[in-house]
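Nothing in this text is a laboratory measurement; each read-out follows from the coordinates by a stated rule. In this text the structure is predicted, and so the values were computed from the model without any measurement. Quick reminder, even Gly has a Cβ in these numbers, built from the backbone with ideal geometry, and neighbours come from all protein chains shown.
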Amino acid sequence: MSSTAEQTGVPTGTWNADPVHSTVSFEVPYAANTFAATVPDIEATLADGKLTGVGRIASLKMKDENMQAHLQSPEFFDLERHPEVRFESSKLERDGDTVKAAGELTIKGITKPVTLAGTISGPLVDHFGANRVGLKLETVVDRTDFDMNWNMPLPSGEGALSNDVTLKADLTLVGQ
Amino acid sequence: MKILAISGSLRHGSYNTLLVRALVEEAPEGVEFEVWDDLKSIPAYDQDDDVVPGPESVEALRDAVRDVDAVFFATPEYNSSVPGALKNALDWASRPLATNAFRNKPVAVIGASAGMFGAVWAQAELRKVLGAMGARVADVELAVGHAMEKFDEDGHLVDEGIRDGLREAIGVLMRTASPELAAA
């Protein structure tokens, strides 16, 4: 009998994200470095080999409340009219520890195809007896595809804020 | 729908104030314009005075913005940018930034100038400022150049093309303010 820790396929059944141990975030190059924000209020489910997830923009967290408000304004996520971002995968492909989730990402009411790529671990049985799967996924999107066009020119003429944004999902999924 | 109209000029007989007057004349059914003309009473922004409540004229501006569904600006252009008095009023109105009266407020910007370009740079800068404040900036641009030729001696807008442009701009702002109208 094989151990579940050696499972090499996509786990069957339904797995829901444990919100305490799951983080959805994004990073964007800004001037000489990057800045990051998190979206703590999320739901994610892996069911029948398909991954779906929702992030609520009202929960978006940054260190500075004014910058947080700017990101929630119509120039960026437009919280008032588009309170959620959503990902729905058509399929999840696992190859050893690596995984790919091709699907559709909806931000600000605009849906684009994306492929999230990363690693998968588990399933394993945790200290409370629950089955857990870990998924670390990321992708890079062009924010202007989602009607987020704000920028500020540097003296060089380049924009201070990159168009390419790295989206990250670090999910702990618990078997139901 | 209530729309607040603001001229960025203080000058008596200002073309932008006359443009606001024409805008009000073109209000379609269902739109009620209110003109805010107290720009001169706004003190110079000073963070030391930025307390609760703020100066009376500033609080009146904030209340006027909160009470309407959308805001229309007609701006002149000083040195390729927004007039100081108007920018100063917006700096006051933008405080505190995260919860200011313009947050999510649909806004439109038009402008008039005596020169040929119709304050296009000031309009662009004003849209940038409003966007940074969190306003919902409508895709409107109306540049009234050579403004002295567009109004008669009573200050009445006599250019029908510009009147068409005003009606179209109001329509775009209405659809920006109300997605249900845009979908209809």
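In percent, rounded to a whole number, the relative contact order of chain B is 23, using alpha-carbon pairs under 8 Å and six or more apart. Remark: C-alpha extents of the stretch B:26-134 on the principal axes read 43, 38, 24 Å, sorted largest to smallest.
Ranking of A:Leu161, A:Leu116 by neighbouring Cβ atoms within 10 Å, starting from the fewest: A:Leu161, A:Leu116.
Restricting attention to the stretch A:34-175, the count of lysine pairs at 8 or more positions apart or across chains with alpha carbons under 12 Å apart stands at 5.
Sorting A:Ser89, B:Ser57 by the number of Cβ atoms found within 10 Å of their own Cβ, with the fewest placed first, yields B:Ser57, A:Ser89. For the protein assembly as shown, the calculated P(r) over all alpha carbon pairs, in 20 Å bins from 0 to the bin holding the longest distance, is 26, 44, 23, 7, 0 percent. Would you mind working out the magnitude of the charge dipole of chain B relative to its Cα centre, with +1 at each Lys and Arg C-beta and -1 at each Asp and Glu C-beta, to the nearest 20 Debye? So the dipole magnitude of chain B works out to roughly 560 debye. Annotation: amide H of B:Arg136 within the under-5 Å range of B:Asn104, B:Lys105, B:Val107, sequence separation 5 or more or interchain, hydrogens built in the peptide plane.
Across the residues of A:67-73, average count of Cβ atoms on other protein chains within 10 Å?
Partner-chain Cβ atoms within 10 Å, mean over residues of A:67-73: 5.
Think of the stretch B:112-173 as having a plus end and a minus end, set by charges on the Cβ of Lys, Arg, Asp and Glu; of B:Ala112, B:Gly171, B:Ala124, B:Ala124 sits farthest toward the positive end of this dipole. Of the residues A:Val114, A:Met148, A:Leu51, the one whose Cα sits farthest towards the positive end of the charge dipole of chain A is A:Leu51 (charges of +1 on Lys and Arg Cβ, -1 on Asp and Glu Cβ, taken about the Cα centre). Taking the Kirkwood radius as Rh and the Cα radius of gyration as Rg, the stretch A:61-176 has a ratio of Rg/Rh equal to 1.06.
Ranked by how many other Cβ atoms sit within 10 Å of their own Cβ, fewest first, the residues A:Glu84, A:Glu65, B:Glu29 fall in the order B:Glu29, A:Glu65, A:Glu84. When the Cα positions of A:Ser73, A:Tyr30, B:Leu157 are compared along the charge dipole of the protein assembly as shown, A:Tyr30 comes out farthest toward the positive end, with charges on each C-beta of Lys, Arg, Asp and Glu. Across chain B, counting alpha-carbon atoms alone, Rg and Dmax equal 15.6, 48 Å.
Calculated [222 nm] ellipticity per residue, helices only, for the protein assembly as shown: -6500 deg cm²/dmol; basis is -39500 (n - 2.57) per DSSP H run with n ≥ 4, divided by all residues, nearest 500.
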